[in-house]
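Below is one structure; the comments refer to it alone.
The values are calculated or read from the model by the stated rules, or taken from the named source; none is laboratory data. Computed from a predicted structure; not experimentally measured. Backbone-built Cβ (ideal geometry, glycine too); neighbour counts: all protein chains shown. Surface accessibility is based on the protein's heavy atoms, side chains included, excluding ligands, DNA and RNA. Shrake-Rupley method; radii C 1.70, N 1.55, O 1.52, S 1.80 Å.
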Amino acid sequence: AAAKKSGKNRWCSFSESMRAELYENVLLTAQLHNAIQNQEFILYYQPQVEAVSGKVTGFEALVRWISPELGFVSPGSFIPLAERKGLIHEIGRWVMGEACRFASRLAIAGHKDIRIAVNVSGQQFSRDDFLDSFQRILQETAADPDQIELEITETAMMKSLEGTISKLDFIRNNGAHISLDDFGTGYSSLNYLLKMPFDTLKIDKSFIDMIGLEAKGGLIIEAIMSLAHVLEKSVIAEGVETRDQLQYLQSIQCDTIQGYYYSKPLPEKDAVEFLQHRKDL
């Protein structure tokens with residue numbers, strides 16, 4: 001693999017660092033299989049806050065793996081590995097179920113207006129049984145589809161345009177919502193923006209980081225905001241960390257804010273407490 005990365009007709013010695021990396025991947029893969037069987041995953045929830053009022057409108061569900069042997073394992077390590085090893089569907093299905101159960105618990109507690117956003121991997125979304133699986137989970141958990149938003153990346157949506165549109169139409173026609181995730185990091189084609197049936201556009205953190213640092217970065221965000229609103233889509237800015245970023249986004253009519261400025265991802269109990277506190281604002 002290292003030789004391929006360097007270009008064709010090259011060879012590469014098998015160094016100790018490569019040996020260590022291979023060992024780590026083998027070990028992590030074995031532990032990942034155990035994690036699925038032993039239910040070592042947990043969901044954290046990062047608040048999504050209305051830019052103007054400061055009230056919570058929803059949470060993004062984020063999977064965490066706390067291994068008895070390895071401790072906390074970064075999602076940046078195990079999610080790509082799960083995708084490579086064909087395990088992401090099982091993990092994704094578990095995440096969907098837990099997120100829907102949380103939505104149901106919120107509804108029972110009187111928070112029917114709070115939406116839970118769930119990341120759907122490209123592999124998961126492209127499966128023929130994805131829609132059936134999603135419907136079964138909704139039925140099993142008694143979750144109201146109106147409380148569920150599926151976050152799908154640009155890249156995943158563009159795999160098969162015709163098939164994607166029919167899936168998205170089915171999801172929205174059955175009451176759930178669609179968010180276009182990581183906007184600006186993939187194809188960003190105006191053509192597919194016009195064709196794709198989605199409700200919310202999420203501006204990637206890489207653009208938010210430009211606020212106050214690069215004039216062009218601010219102009220790009222304003223352009224994205226204007227385009228989304230012309231298309232009657234709501235906009236979530238993710239990765240908001242500073243007051244300057246918040247104030248700038250408020251000034252250009254961003255709808256929703258997500259990021260450490262308001263809160264890091266929280267365990268369910270803390271997420272509910274955060275919601276109760278902000279509800280009284």
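What the table below lists for this structure:
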| read-out | value |
| --- | --- |
| Long-range amide H partners of residue 231 with built H, under 5 Å | none |
| Dimensionless Rg/Rh of the range 149-281 - Kirkwood Rh, Rg from C-alpha atoms | 0.99 |
| Distance histogram in 5 Å bins (all Cα pairs of the chain, percent per bin) | 1, 5, 11, 15, 16, 16, 14, 10, 6, 3, 1, 0, 0, 0 |
| Protein accessible area in the range 81-203, 1.4 Å probe - carbon and sulfur % | 47 |
| Of all DSSP beta bridges in the chain, antiparallel share, percent nearest 5 | 40 |
| Rg over Rh, two decimals, the range 234-281 (C-alpha only, Kirkwood Rh) | 1.01 |
| Extreme residue, positive dipole direction of the chain, given options 31, 62, 124 (C-beta unit charges) | 31 |
| Cα pair distances exceeding 20 angstrom across the range 30-100, given as percent | 35 |
| Cβ charges +1 (Lys, Arg) and -1 (Asp, Glu), total dipole of the range 49-185, debye | 240 |
| Per-residue [θ]222 nm for the chain (sum of -39500 (n - 2.57) over DSSP H runs n ≥ 4, rounded to 500) | -15000 deg cm²/dmol |
| Rounded to the nearest 20 debye, dipole of the range 156-281 from Cβ charges on Lys, Arg, Asp, Glu | 200 |
| Rg/Rh for the range 195-272, where both radii come from Cα atoms and Rh is the Kirkwood radius | 1.01 |
| Value of relative contact order over the range 87-227, rounded to a whole percent, pairs C-alpha under 8 Å and six or more apart | 19 |
| Dipole magnitude of the chain, debye to nearest 20 (Cβ charges: Lys/Arg +1, Asp/Glu -1, about Cα centre) | 560 |
| Where the chain is the region considered: accessible area per residue in Å², 1.4 Å probe | 52 |
| Relative counts (whole %) of C-alpha pair distances in the range 51-169, using bins that are 10 Å wide | 12, 39, 34, 14, 1 |
